[in-house]
Amino acid sequence: MALVLVGFVLCLSGLPLILAADYPSYVAAVYEHRVLLNPNPEIPLNRSSALEHMKQNLRVFEEQTVLAAQQGAQIIVFPEDGIHGFNFTRESIAGYLETIPDPQKVTWSPCADPHRFPDTEVLHSLSCMAFKNRLFLVANMPSRLSCNRTVDPHCPADGQYQFNTNVVFSDQGVIVARYHKQNLFFEVSFDTPPECEYVTFSTPFAGRFGTFTCFDILFRDPAVTLVKEMGIRQIVFPTAWMNELPLLAAVQFQRAFSYGTGITMLAANTHSTKYSMTGSGIFTPWDSLTYHDAKGDSGKLLVHRVPVLDPSFSGDDSHNLVYPSSNESEKMHVWPTSSSKANRDGKYCGKDSECAEGASSNIFNSIIMFNNFTLVPLQGTEGNISVCSGLVCCHLLFRRSDKPEFYALGVFNDLNVVDGVYYLEICALVRCTSEEQSSCGGQTEYAETLVDFRLTGTFTTPHVYPGILGSGMTVDIPDHSGWESKNQLYMSRTGMSTGLVTAMLYGRNYEKDNVTKSA
């Protein structure tokens with residue numbers, strides 16, 4: 001059957017994807033780069049000194065582009081901040097800035113015509129990498145854009161915008177896309193664009209791609225608008241992501257977003273152990289190739305063949321994704337149905353008051369990623385438990401191996417106000433780091449306990465991203481998932497080969513981002 005989106009989450013069988021014999025595919029590459037940093041980023045450098053610093057990183061980019069091309073890559077993605085680094089002030093980054101012409105107005109190959117615009121040495125270098133290796137290249141760099149305060153009320157006092165910018169080059173070295181990051185993460189050197197940009201580009205080998213950057217992935221604009229409203233099914237994603245377990249490690253959320261939206265994501269992260277940055281991957285809704293190394297000190301090139309997901313690429317509807325039919329019931333035949341609503345003894349509760357009856361002695365609170373979750377412990381080797389916060393309710397049927405590790409099912413339904421302001425509706429099964437309840441929310445990459453589970457959440461938002469993280473930062477996808485009603489989403493997984501670190505239904509209620517946090 002053809003690929004079907006139900007609400008905003010894929011219903012996938014978990015069985016291997018079968019492609020029609022002539023189904024188009026392409027080879028993608030991402031490079032996790034150990035960025036060579038400016039040791040004193042708050043001290044301004046002149047242009048020549050800033051260029052010498054950037055050339056150190058660009059030489060690595062060039063080496064990796066050659067290696068990717070030798071493996072057949074048709075597109076390569078480099079990480080956010082990979083050329084210049086981070087922790088600059090608005091003044092100290094000035095020597096690093098280049099003006100990037102709008103590719104919708106100007107057709108330009110910096111490699112072929114390097115003197116058309118002044119002070120564009122970085123653009124020239126990247127353009128030549130793309131042209132010489134005959135591949136599309138995506139890089140992130142700091143840029144400037146002059147403005148006039150008399151006609152633009154948003155124009156900064158110094159008369160120029162400073163942007164965190166993704167730039168895309170064709171295999172001819174031509175700049176084909178330019179995107180200015182919308183959702184900045186404490187980046188004082190950059191400005192927020194006065195209007196959100198929805199940037200796409202077309203390739204001859206896979207059709208359309210979209211692009212956004214790092215923190216953008218947690219917000220409606222541009223990420224969800226590109227995917228849900230504009231129908232973009234392939235995303236290039238430069239990031240400098242600081243891992244935050246148990247819910248927001250880089251590969252964990254990249255995997256969840258790709259699966260939950262039914263897209264291919266080419267995610268390149270900066271590698272810096274000092275800042276807990278690692279985690280890159282090539283993700284499709286069905287499989288992934290990932291890299292995560294929190295202790296090592298080297299970069300990593302990933303190359304992988306993936307199917308074309310742009311439905312307009314073939315020019316007709318002849319190419320459809322085909323799944324094997326399966327009537328196989330879920331392995332744990334005791335799953336309750338979605339209509340079951342009663343007490344915690346084997347059935348579901350549907351709201352706060354129902355969950356509280358008979359279960360209050362087990363409920364506790366713990367801080368998970370700066371937010372106060374309400375949790376209930378897993379007791380014994382199998383069970384059926386529920387926990388609610390307002391209208392958001394989480395239900396878990398589980399069977400687990402007999403290991404001395406403490407797990408809990410948690411719910412959060414409120415505004416996150418630390419490291420950004422955004423409204424969350426989360427159901428999460430987490431491995432706690434000790435037997436203490438307060439350890440539920442502690443960071444660990446490892447677990448020994450094998451858990452078969454069916455996790456169901458009742459949400460007020462359709463934007464929910466299912467994620468499964470196994471021991472050693474192995475990412476996984478559900479055997480089965482889908483909307484059982486307009487507000488109830490489930491996922492199940494049995495037979496994992498590694499211990500379970502986290503299983504989550506990560507909901508984002510974008511409409512509530514401006515509400516006042518609950519007391």
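The values are calculated or read from the model by the stated rules, or taken from the named source; none is laboratory data. The structure presented is a predicted model; accordingly, all values stated were derived computationally and were not measured. We place every Cβ from the backbone using ideal geometry, glycine too, and count neighbours over all the protein chains shown. The area values use the complete protein model at the heavy-atom level, side chains included, leaving out ligands, DNA and RNA. Shrake-Rupley method; radii C 1.70, N 1.55, O 1.52, S 1.80 Å.
What the table below lists for this structure:
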| item | result |
| --- | --- |
| For the chain: relative contact order, % (alpha-carbon pairs under 8 angstrom, 6 or more apart) | 15 |
| Probe 1.4 Å, all protein chains present, accessible-area order of Val515, Val251, largest first | Val515, Val251 |
| Whole-number Å³ per residue for the convex hull built on Cα positions in segment 377-519 | 111 |
| Normalised convex hull volume, segment 257-302, alpha-carbon set, Å³ per residue | 67 |
| Selection from Leu37, His292, Val475, by position along the positive dipole direction of the chain (Cβ) | Val475 |
| Furthest towards positive pole of dipole, Pro404, Gln488, Val501, structure part segment 370-519, Cβ charges | Gln488 |
| Accessible-area order (highest first, 1.4 angstrom probe) of the listed residues Asp158, Asp402 | Asp402, Asp158 |
| In degrees, nearest ten, helix 250-261 long axis to first principal axis of the chain (Cα) | 80 |
| Set Lys486/Lys517; Lys105/Lys181; Lys181/Lys300; Lys181/Lys517 screened for pairs whose C-alpha atoms are more than 22 Å apart | Lys486/Lys517; Lys181/Lys300; Lys181/Lys517 |
| Reduced Cα scattering model of the chain, Debye log10 I(q)/I(0), q = 0.07, 0.08 Å⁻¹ | -0.39, -0.51 |
| Sulfur and carbon atoms: percent of accessible area, segment 23-178 [1.4 Å] | 50 |
| Helical mean residue ellipticity (222 nm; -39500 (n - 2.57) per DSSP H run of 4+; nearest 500) of the chain | -3500 deg cm²/dmol |
| Rounded tilt (10° steps) of 121-133 against the dominant C-alpha axis of the chain | 70 |
| Options Pro101, Ser125, Phe205, ranked by Cα towards positive dipole end of segment 101-207, top entry (Cβ charges) | Phe205 |
| Lys132, Lys105, reordered so the largest accessible area comes first (probe 1.4 Å) | Lys105, Lys132 |
| Only Lys, Arg (+1) and Asp, Glu (-1) charged, at Cβ; the chain dipole about Cα centre in debye | 300 |
| Accessible surface, per residue, of the chain when the full set of protein chains is kept, probe 1.4 Å, Å² | 39 |
| Sequence ranges 223-236, 258-271, 294-307, ranked by mean other-Cβ count within 10 angstrom, highest first | 258-271, 223-236, 294-307 |
| Formal net charge of residues neighbouring Asn269 (Cβ-Cβ distance under 12 Å; K, R +1; D, E -1) | -2 |
| Helix axis angle, 47-70 relative to the chain longest principal axis, alpha carbon, degrees | 60 |
| Percentage relative contact order, segment 375-479, counting C-alpha pairs under 8 Å, at least six apart | 25 |
